[in-house]
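Trainee: Submitted below is the structure of interest, expressed as structure tokens.
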Amino acid sequence: MARYWPTVLLAGVLAGLGLYLYFIELPEQRAELVTATQAKQILPFEQAQISALRVRSHSGEVVLSQTPGHPWGITAPIQTDADQRQVQALLRALVTGKVSRLVETHPVSLTPFGLDHPSTVVTVTAGDREETLSIGDAGPLSSTLYVLRASDEAVLLTDLAPKDFLNRTLLSFRRKELLQFNQQETEQLRLTYPTTEMVLYGIEEKPKKKWKIRYPIEAEADRTEVQALLFRLEDLKALAIVDPGPEREKLAPLLTKPKVKVTVHAAGTDQVVRLFQPDPASGEAYAQTAQDGPIYKISPSVIKELTKDLFALQDKRLLGAETGDIALLSIKTRDEQYTLVHDRDGWMLEDQPNEKLRQDVADLLVSRIVNLPAEERILKQAGPLAPYGLVAPVAEFIATGKNGRVAGRLALGNQSGGLVYAIGQRIPGVFQVRPDLLTQIPSRLALLASGPATPP
């Protein structure tokens, strides 16, 4: 047993050393690390603890506050909604900002650091604690700022970015979005013009919502156009805000007849915005969301982007039938004439049912015919067709539905200005379309699986 005593003693020493490291040395190191980390923090607060901000600059003072479970709001100089992104960005900058170097405590002069007349002073409140930071000049690097911390009268060189603190005004912190809605929850869209009105409603379908025009006609809507309209409304922001007061009273008489009034019905609630352009030559455009509310200055381009005619919002595919609804599709050109029949196995030729077709070629042809959109409208209603080469068309397509009735028609005529005249069943009138389809109609031979390959 005596020969094992050195080993036992060594094990005891190592165990004691381990306990010392675990209970004494490591906690001290952790405490030192925490202290060092805290020393590098500009603020001792966590973002979730902050309940109020006071931002003072050369343009005035803005006071913001938040109560648990509610968004940030502006309480002075006016009471209104705050721009949540702007507030959160400022908070993140403050709580993640680090001290690069302690420059001086109790400085004799603040002038060398631009702190004698700071550009911005931010007071942060977290519960019963408060800290004030004065923002001075940029440091040796453009991405640094000198900051005076009031609690210890220390001048700090920080990694704060000037962009987060300079030129902060009331407008910077105000909510500038005129409308707040979820596009997926939008059920109806109403566009009211001085002489007409359009009403669109959404239908939940997978994978994407389908839109229809309810008024002044019942028709399919152009999903891409409607989505672009909704995105523009979501992104509608004020460039400036005129609150109730003398300036607003002076401007209000000019804003009596809106170019368009937009009503968005989403989640059971209506939101309304009126758009005005009293003098197009001046380049000024305005908006209102309430008769007695602020007047918002907006980009003039918004007026054009939100002023849509019926044709722009209609589904401009001319044939008038969907691929899944077609049982027969007749194709007639000056060189070819055949009818495609669709069954559960795919497409086949009506007069050659036993011949195997190239399904990819047939599918592509049908898709091109079904989805051919009008580019320009020539006549709103049907008129003389001879001038457009549509009495004896260059190409004609007739779709028959599963019920045996004609589901869609499309005829292509003469070319003019790089486009082809066309008429279809979906929209009345004469239109122009791109000429590509005329060169993309495969011959009967090219459709056959045994036939020659055709370019896409």
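The values are calculated or read from the model by the stated rules, or taken from the named source; none is laboratory data. It should be emphasised that the depicted structure is a prediction, and the values quoted were computed from it without experimental measurement. Cβ: placed from backbone, ideal geometry, glycine included. Neighbour counts: every protein chain shown.
Trainee: Would you pick out the residues in the range 75-127 that are farther than 17 Å from Leu64 by Cα and among the charged types (D, E, K, R)?
Mentor: Selection gives Lys98, Arg101, Glu104, Asp116.
Trainee: In the list Pro278, Pro258, Pro244, which residue meets the criterion of being part of a loop (DSSP other than H, G, I, E, B) and buried (at least 19 other Cβ atoms within 10 Å of the Cβ)?
Mentor: Just a single option satisfies the conditions, and that option is Pro258.
Trainee: Just to be sure before I move on: is Thr132 modelled with pLDDT of 95 or more and farther than 19 Å from Thr67 by Cβ in the structure I sent?
Mentor: Judged against the criteria, Thr132 is a match.
Trainee: Follow-up. Between a first residue in the range 57-83 that is over 17 Å from Ala238 (Cβ atoms) and a second residue that is among the small types (Gly, Ala, Ser) and part of a loop (DSSP other than H, G, I, E, B), which pairs have beta carbons less than 8 Å apart while being 6 or more apart in sequence or on different chains?
Mentor: Ser57/Ser119; His58/Ser119; Ser65/Ser51; Gln66/Ser51; Thr67/Ser51
Trainee: Consider the range 44-70. How many of its residues are surrounded by 18 or more Cβ atoms within 10 Å (Cβ to Cβ), part of a loop (DSSP other than H, G, I, E, B) and at pLDDT 95 or above?
Mentor: Result for the range 44-70: 1.
Trainee: What's the total number of residues in the range 168-207 that are under 16 Å from Leu275 (Cβ atoms) and among the aromatic types (Phe, Trp, Tyr)?
Mentor: Residues flagged as under 16 Å from Leu275 (Cβ atoms) and among the aromatic types (Phe, Trp, Tyr) within the range 168-207 amount to 1.
Trainee: Sticking with this structure for a sec: Of the residues that make up the range 32-42, is at least one at pLDDT 90 or above, surrounded by 16 or more Cβ atoms within 10 Å (Cβ to Cβ) and over 14 Å from Gln88 (Cα atoms)?
Mentor: Yes, the range 32-42 has at least one match.
Trainee: Just to be sure, is Gly139 surrounded by 16 or more Cβ atoms within 10 Å (Cβ to Cβ), without any contact (Cβ under 8 Å) to a residue 60 or more places away in the chain and within 30 Å of Ala312 (Cβ to Cβ)? Step through it out loud before you land on a result.
Mentor: Details: surrounded by 16 or more Cβ atoms within 10 Å (Cβ to Cβ): yes; without any contact (Cβ under 8 Å) to a residue 60 or more places away in the chain: yes; within 30 Å of Ala312 (Cβ to Cβ): no.
Criteria not met by Gly139.
Trainee: Only one of Pro393, Pro435 is touching a Leu at 6+ places or on another chain (Cβ under 9 Å) and crowded, with 20+ Cβ neighbours inside 10 Å; which?
Mentor: Exactly one of Pro393, Pro435 is touching a Leu at 6+ places or on another chain (Cβ under 9 Å) and crowded, with 20+ Cβ neighbours inside 10 Å, namely Pro393.
Trainee: Quick one: which residue in Leu200, Leu171, Leu233 is outside any strand (DSSP E or B) and crowded, with 18+ Cβ neighbours inside 10 Å?
Mentor: Numbers: Leu200 fails: outside any strand (DSSP E or B); Leu171 fails: crowded, with 18+ Cβ neighbours inside 10 Å.
Matching residue, one of Leu200, Leu171, Leu233: Leu233.
Trainee: If you don't mind, there's one more thing I want to ask. Residue by residue through the range 319-335, note down the ones that are of a type in the set (A, V, I, L, M, F, W, C) and either part of a loop (DSSP other than H, G, I, E, B) or without any contact (Cβ under 8 Å) to a residue 12 or more places away in the chain (or both).
Mentor: Listed by number, the residues that qualify are Leu319, Ala321.
Trainee: Which numbered condition in (1) under 34 Å from the mean Cα position of the chain (by Cα); (2) at pLDDT below 95; (3) not polar (S, T, N, Q) is the only one that Lys356 fails?
Mentor: (1)
Trainee: Let me ask you something else. Can you report the number of residues in the range 132-164 which are within 25 Å of Val63 (Cβ to Cβ), of a type outside the set (Gly, Ala, Ser) and assigned to a loop (DSSP other than H, G, I, E, B)?
Mentor: 3
Trainee: Taking the stated definitions as given, is Ala252 within 30 Å of Thr75 (Cα to Cα) and touching a Lys or Arg at 6+ places or on another chain (Cβ under 6 Å)?
Mentor: Judged against the criteria, Ala252 is not a match.
Trainee: For the structure I just gave you, tell me whether Tyr421 is outside the structural domain of Ile213 (by TED's automatic domain parsing), modelled with pLDDT of 95 or more, under 22 Å from Ala312 (Cβ atoms) and among the hydroxyl-bearing types (Ser, Thr, Tyr).
Mentor: Yes, satisfied.
Trainee: Just one of Arg434, Arg409, Arg444, Arg405 is at pLDDT 95 or above, more than 23 Å from Ile217 (Cβ to Cβ) and basic (Lys, Arg); which is it?
Mentor: After ruling out the rest, the residue left standing is Arg434.
Trainee: Report, by residue number, each residue of the range 71-92 that is buried (at least 20 other Cβ atoms within 10 Å of the Cβ), of a type in the set (A, V, I, L, M) and not in a helix (DSSP H, G or I).
Mentor: Of everything in the range 71-92, those that are buried (at least 20 other Cβ atoms within 10 Å of the Cβ), of a type in the set (A, V, I, L, M) and not in a helix (DSSP H, G or I) turn out to be Ile74, Ala82.
Trainee: Next up: Please work out if Lys304 is outside the structural domain of Gly404 (by TED's automatic domain parsing), outside any helix (DSSP H, G or I) and modelled with pLDDT under 95.
Mentor: Answer is no for this residue.
Trainee: Find the residue count for the range 119-128, including only residues that are at pLDDT 95 or above and either more than 13 Å from Gln47 (Cα to Cα) or not in a strand (DSSP E or B) (or both).
Mentor: Of the residues in the range 119-128, 4 are at pLDDT 95 or above and either more than 13 Å from Gln47 (Cα to Cα) or not in a strand (DSSP E or B) (or both).
Trainee: Just one of Leu191, Leu145, Leu200, Leu157 is touching a Lys or Arg at 6+ places or on another chain (Cβ under 6 Å) and on the phi < 0 side of the Ramachandran plot; which is it?
Mentor: Among Leu191, Leu145, Leu200, Leu157, only Leu157 is touching a Lys or Arg at 6+ places or on another chain (Cβ under 6 Å) and on the phi < 0 side of the Ramachandran plot.
Trainee: Filter the strands (runs of 3 or more DSSP E) completely within the range 355-456 down to those with at least 2 residues that are of a type in the set (D, E, K, R).
Mentor: Qualifying strands (runs of 3 or more DSSP E): 376-379.
Trainee: Still on this structure, please answer the following. List pairs: first in the range 98-121 and farther than 20 Å from Leu141 by Cα, second of a type in the set (Gly, Ala, Ser) and outside any strand (DSSP E or B), Cβ under 6 Å, 6+ apart or cross-chain?
Mentor: Going by the 6 Å Cβ cut-off, there are no qualifying pairs.
Trainee: If you take the residues of the range 336-351 that are free of Cβ contacts under 8 Å to residues at least 12 places away in the same chain and either in a loop (DSSP other than H, G, I, E, B) or more than 42 Å from the chain's Cα centre (by Cα) (or both), which of them is nearest to Lys402 (Cα to Cα)? Write out each step before concluding.
Mentor: First, the residues of the range 336-351 that are free of Cβ contacts under 8 Å to residues at least 12 places away in the same chain: 337, 343-345, 348.
Narrowing the set further to residues that are either in a loop (DSSP other than H, G, I, E, B) or more than 42 Å from the chain's Cα centre (by Cα) (or both) leaves 337, 344-345, 348.
On the way: Gln337: 21, Arg344: 12, Asp345: 15, Met348: 15 Å.
Within the range 336-351, the match that is nearest to Lys402 (Cα to Cα) is Arg344.
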